[in-house]
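The values are calculated or read from the model by the stated rules, or taken from the named source; none is laboratory data. Nothing here was measured: the structure is a model prediction, and the numbers come from that model. Virtual Cβ from ideal backbone geometry, glycine too; neighbours counted across all protein chains shown.
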Amino acid sequence: MQQPSNRMTHQSIVLSFLAGYVDTVGFIALFGLFTAHVTGNFVLIGSELANHSHGVLIKLLAFPAFIFAVALTRMAHIWLERSARIPMPYLLLLQLFFLLCFMVAGCLAEPVGNTEAPLALLAGICGAASMGVQNASSRLILQHLTPTTVMTGNVTQLVIDLVDILRGAADDVVRQRCIKFFWPVVAFGTGAIGGAFAYKYLLFFALLLPAAMLAWLAATEYLSEKTGAGSPSTL
C-alpha cells in the first residue's frame, strides 16, 4: 500500500532541503567536504593529491565513515524488521544522532583553521555518517521518494519531462512525474542557499535547523504509524 501523496511530498521536500543544507554547511565549514554524497569527494581527493593541497585527509576519512553508516543502517533495518518495529522513525533518529555529533564536534573545533585537527576530522566523519544514513534509508525504506541527496538524476528526468510537456507529447503520468521530481530539486537548492547563509551567521549552530527537522519527521512518522494515520513505510 502506498503512503498518502501529501505525506510523500512532505518527506521528499524536507529530506531534500536537509541534504542540500547539510551538504553546504559541510562544504563551507570543512574546506570542501561533501557530506551528502561521495562522488564529489572522489573528485576533490584526486585534485588535492595532484596539487598537494591541504584537506585531503578529511575527505579520505569521510569515505569509510559513509560506508560504515550505510552498513550500520542496513543492520539496524534488519534488526528492526525482525523485532516487528517500524524502521523509519528509528533510522531518522540514527541520522539525527550523527548530525548532532557533527554539530557538537564542529562547535568544539571552532575556529576551524586546520582540517587535520582531531575535532575537525570528527566533525567531518559524523557529517558523512549522518548523510550516509539518509542515503541508505532512501534505498531501504524510502523507495517511494525521488532521491533526496543527489540531484543529478532528478534534474535530468525533470528536463526530459519538461521537454515532452512543452512539445505536447506528455500524458498524465509524465506530468505527475515532473511534479514529483520538481519539488526535491527546488528544496535541495533552497536548502543549499539556506545552509550557506545560516553558517555565515551561526557557524555550526546552523545545524540546529536540520536537527529539528529530523526530530519532527521522526516524531511524525512514529505517531502516524502508531495511530494508523499512514500506511507502513515501503520495505
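Scanning the range 60-89 for residues that are touching a residue at least 40 places away in the same chain (Cβ under 8 Å) and not hydrophobic (A, V, I, L, M, F, W, C) gives Thr73, Arg74, His77, Glu81, Pro87, Pro89.
All conditions but one from (1) assigned to a helix (DSSP H, G or I); (2) crowded, with 24+ Cβ neighbours inside 10 Å; (3) not polar (S, T, N, Q) apply to Val70; the one that does not is (2). Can you find a residue in the range 176-194 that is without any contact (Cβ under 8 Å) to a residue 60 or more places away in the chain, charged (D, E, K, R) and over 30 Å from Cys101 (Cβ atoms)? Yes - at least one qualifying residue is present in the range 176-194. For the range 143-235, the helices (runs of 4 or more DSSP H) that sit wholly inside it and include 2 or more residues that are loosely packed, with under 15 Cβ neighbours inside 10 Å and among the charged types (D, E, K, R) are 172-202. Would you mind stating whether Ile86 is out of contact with any His (no Cβ under 7 Å at 6 or more places or on another chain), surrounded by 17 or more Cβ atoms within 10 Å (Cβ to Cβ), under 24 Å from Glu221 (Cβ atoms) and among the β-branched types (Val, Ile, Thr)? The answer is yes for Ile86.
What residue, of Gly20, Gly40, is small (Gly, Ala, Ser), within 24 Å of Lys180 (Cβ to Cβ) and either part of a helix (DSSP H, G or I) or in contact with a Leu (Cβ under 9 Å, 6 or more places away or on another chain) (or both)?
Going through Gly20, Gly40 in turn, just one is small (Gly, Ala, Ser), within 24 Å of Lys180 (Cβ to Cβ) and either part of a helix (DSSP H, G or I) or in contact with a Leu (Cβ under 9 Å, 6 or more places away or on another chain) (or both): Gly20.
Taken over the range 54-107, the criterion of being modelled with pLDDT of 90 or more, under 19 Å from Tyr21 (Cα atoms) and over 16 Å from the mean Cα position of the chain (by Cα) is satisfied by Val104, Ala105, Gly106, Cys107. Checking each residue in the range 97-113 for being surrounded by fewer than 16 Cβ atoms within 10 Å (Cβ to Cβ), touching a residue at least 24 places away in the same chain (Cβ under 8 Å) and part of a loop (DSSP other than H, G, I, E, B) picks out only Glu110.
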